[in-house]
Amino acid sequence: MSSAPSAITVQSVSKSFGRGDAAIRVLRDVSVDIGAREFFTLLGPSGCGKTTLLRLIAGFEDLDSGAILIEGARIDHLPPFQRPVNTVFQSYALFPHLTVAQNVAFALEMQNFSAAEVRRRAGEALEMVRMGAFAGRKPSELSGGQQQRVALARALAPRPKVLLLDEPLSALDLKLRKEMQIELKQLQAEAGITFVFVTHDQEEALTLSDRIAVMQGGRILQLDTPRAIYERPAHRFVADFIGEINLLDGQVAGPGKVRLDCGAEIAAGADQGTGARVTVAIRPERATLSQGGALPAEVTHAAYLGTATILQLRLANGAPFLLRAATANLPEIGAQVTLDLPPDALQVFAA
Amino acid sequence: MNLRRLPLTREISLAVLVYLYVPVVVLIVYSFNANRTATVWSETSLDWYRKILVNPSIRDATWNSLVLATAAGIGATLLALAAALGMKSGFRGKGAVEAVLNAPLILPEVVVAVATLMLFVAIGIDMGLAAMIPAHIAFCIPFAYLPIKARLQGMNPSLEEAAQDLYANRFVTFRRVTLPLLWPGIMAGFTLAFVTSLDDFLTSFFLSGPGSTTLPVYIFSAIRAGITPEINAISTIMLIVSVALVVTSFLLGKMRR
């Protein structure tokens, strides 16, 4: 990806809302390179700055400092209607007084295509999202999923270099959301353009993205592939935000050794010096039940999921521990067990 | 709880309706009375309507009222639209500006009318329609402003962003998206301003000059000579025109939703 020319370059962008002492810094010196035809996701909790970054790229907000480039050309001084990007809004923002076809044709008319060309391209865009049969309807006559498709068609019709998507699936129910995720991914492959996708749903981000930028407090904490973010989170926040994870507090007891607060001493590679407070993180599926394991625990609850069983355990100091186990040979509720924590499955963060 | 089950609900509602509308109903009924004395019923007749149609002073007053209400409605609606659009952005003193815009709703009209009269006399403006139009525009602004503002507040702000995102510049965004979406509010605002101007007596009375008598001013001067069935007929027509306008505007607004 690094060899391809960048579709979008964000250089040291900062943005505050409000003035003086009341100013809130929403983005702090954010830099990111997004490759051509990449499915790039900005992921984080609400208020992390992800939507503001998207709105800066679209041109709905002015940046305080830094620069934004598309294919090497600076665009941050241009109004939204001169930027080669289109947006799919969280609320869809379909024009209620226009039909589906008129909505999709809107940008094409602005670009002064001939009437025949406008009709042809709008028709193509509607076919792409399988909404051709609804061309004459008003947006209010469509379901949420159909409005979502029309919003996509409207943004794709002018064939932008970059499509910006602001939590486009958040208003849909779970089943429809899963379907639309697959469709989005296919559409992106078909259209062959860069997608910048904003979401607070980590599962959605893992499913869809080529790369994810995890944001918090106006900064990008980690920028990597979904796999690397899940398996090698660089921050305690990232580890906690993405998927299920056990976070165990403890103290470095010596080289390669951590004494957890529950009393168990485990092997874990820590950069911190002896005596430093640390947090050890391990995914529920990476720990295993094993005789003579380093971490004693008591089984408190079991949830059968079909493909696996989630065991809720309690450590000696009362801290909870989640374990994803195969469904065969399960211990009973109340049984005392020991867990093996493979050192390569552990991440150690400064506390 | 079902309100209809409460004791006396029906009786109280009827009493309030009677209280509100009996005078109007009496006025309408007596406009069809053949008797010269307005309060004594003899037989049904359309004579008074025929008479007011051929009465030149009533025709002139009607014309003046319509010209004034149209000019005041258009002027107030344009200013109110500009104000509502301007008030969309936050700025210092926004609350104060809003209060000033809506002041005509609260200020005693007689005071404003006298003040306007004194100002116009002081700067040498002749009384008449030309003086009445700007004065009517001023007090009609809040009636036009409130429905437009309500419509604007109910509008998803992403719609204008979406238009700009789809390559429409600010002017085209206004013409193709903002204006059509505000249209029901603009129509409602115009109707309210129009009806308010049509109905106004005080300001018109103070500022009217020779040949600029409006219907309410005419009715007032005619009534000093005694209540005649003619007055009933004029009032009935004014009532019907006002109600018809408001209902039409309401239905149009509903249709466009």
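The values are calculated or read from the model by the stated rules, or taken from the named source; none is laboratory data. Here the structure is a predicted model, which means the values were calculated and not measured. Cβ atoms come from the backbone with ideal geometry, glycine included; neighbour counts cover every protein chain shown.
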Discussion item. Quick check on this structure: which one of A:LEU295, A:LEU260 is within 19 Å of A:GLY334 (Cα to Cα) and in contact with a Leu (Cβ under 6 Å, 6 or more places away or on another chain)?
Written reply: A:LEU295
Worksheet, complete the sentence: Out of (1) in a strand (DSSP E or B); (2) more than 14 Å from chain B (Cβ to nearest Cβ), the one A:ARG137 does not meet is (1)
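Each row is one residue, and each column tells you yes or no for (1) within 22 Å of A:ASN317 (Cα to Cα); (2) buried (at least 18 other Cβ atoms within 10 Å of the Cβ); (3) not β-branched (Val, Ile, Thr).
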site	(1), (2), (3)
A:GLY243	no, no, yes
A:GLY263	yes, no, yes
A:ALA268	yes, yes, yes
A:ASP271	no, no, yes
A:ALA276	yes, no, yes
A:ARG283	yes, yes, yes
Item to complete: Could you tell me which of the residues A:VAL129, A:VAL118 is within 14 Å of another protein chain (Cβ to nearest Cβ), surrounded by 16 or more Cβ atoms within 10 Å (Cβ to Cβ), touching a Leu at 6+ places or on another chain (Cβ under 7 Å) and of a type in the set (A, V, I, L, M)?
Response: A:VAL118
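Yes or no, residue by residue, for (1) assigned to a helix (DSSP H, G or I); (2) over 20 Å from the mean Cα position of the chain (by Cα); (3) in contact (Cβ under 8 Å) with a residue 40 or more places away in the chain; (4) surrounded by 14 or more Cβ atoms within 10 Å (Cβ to Cβ):
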{"position": "B:ALA76", "(1), (2), (3), (4)": "yes, no, yes, yes"}
{"position": "B:GLY95", "(1), (2), (3), (4)": "yes, yes, no, no"}
{"position": "B:PRO104", "(1), (2), (3), (4)": "yes, no, no, yes"}
{"position": "B:LEU119", "(1), (2), (3), (4)": "yes, yes, no, no"}
{"position": "B:GLY124", "(1), (2), (3), (4)": "no, yes, no, no"}
{"position": "B:PHE139", "(1), (2), (3), (4)": "yes, no, yes, yes"}
Worksheet item: Is it the case that the range A:89-97 has a residue that's at pLDDT 95 or above and more than 9 Å from chain B (Cβ to nearest Cβ)?
Response: no
Worksheet, complete the sentence: Residue hits (the range B:1-40; surrounded by 10 or more Cβ atoms within 10 Å (Cβ to Cβ), modelled with pLDDT under 80 and closer than 21 Å to B:ILE227 by Cβ) are B:ARG36, B:THR37, B:ALA38, B:THR39
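Could you list all residues from the range A:49-88 that are within 9 Å of another protein chain (Cβ to nearest Cβ) and either of a type in the set (Gly, Ala, Ser) or assigned to a loop (DSSP other than H, G, I, E, B) (or both)?
Restricting attention to the range A:49-88, the residues satisfying the condition of being within 9 Å of another protein chain (Cβ to nearest Cβ) are A:55, A:58-60, A:79-83, A:85-87.
The answer is A:ALA58, A:GLY59, A:PHE60, A:PRO79, A:ARG83.
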Practice prompt. May I ask you to verify whether B:LEU207 is closer than 28 Å to B:VAL112 by Cα, surrounded by fewer than 18 Cβ atoms within 10 Å (Cβ to Cβ), in contact (Cβ under 8 Å) with a residue 40 or more places away in the chain and not basic (Lys, Arg)?
Written response: no
Practice prompt. Write out, first by first residue and then by second, each pair whose Cβ atoms fall under 7 Å of each other, whose residues are 6+ apart or on separate chains, and whose first residue, in the range A:313-331, is within 13 Å of A:LEU248 (Cβ to Cβ) while the second is β-branched (Val, Ile, Thr) and in a strand (DSSP E or B).
Written response: A:LEU313/A:VAL299; A:LEU313/A:THR300; A:ARG314/A:THR300; A:LEU322/A:ILE310
Worksheet, complete the sentence: Sole miss for A:ASN329 among (1) part of a strand (DSSP E or B); (2) polar (S, T, N, Q); (3) more than 24 Å from A:GLY243 (Cβ to Cβ) is condition (1)
Discussion item. I'd like the residue in the range B:157-179 that is surrounded by fewer than 16 Cβ atoms within 10 Å (Cβ to Cβ) and not hydrophobic (A, V, I, L, M, F, W, C) and, out of all such residues, is nearest to the other protein chains (Cβ to nearest Cβ).
Written reply: B:ASN169
Worksheet item: What number of residues in the range A:332-351 are in contact with a Lys or Arg (Cβ under 7 Å, 6 or more places away or on another chain) and either among the aliphatic types (A, V, I, L, M) or closer than 14 Å to A:LEU315 by Cα (or both)?
Response: 2
Practice prompt. Output the residues belonging to the range A:319-344 that are within 17 Å of A:ALA264 (Cβ to Cβ), modelled with pLDDT of 90 or more and not hydroxyl-bearing (Ser, Thr, Tyr).
Written response: A:ALA319, A:PRO320, A:PHE321, A:LEU322, A:LEU323, A:GLN336, A:VAL337, A:LEU339, A:ASP340, A:LEU341, A:PRO342
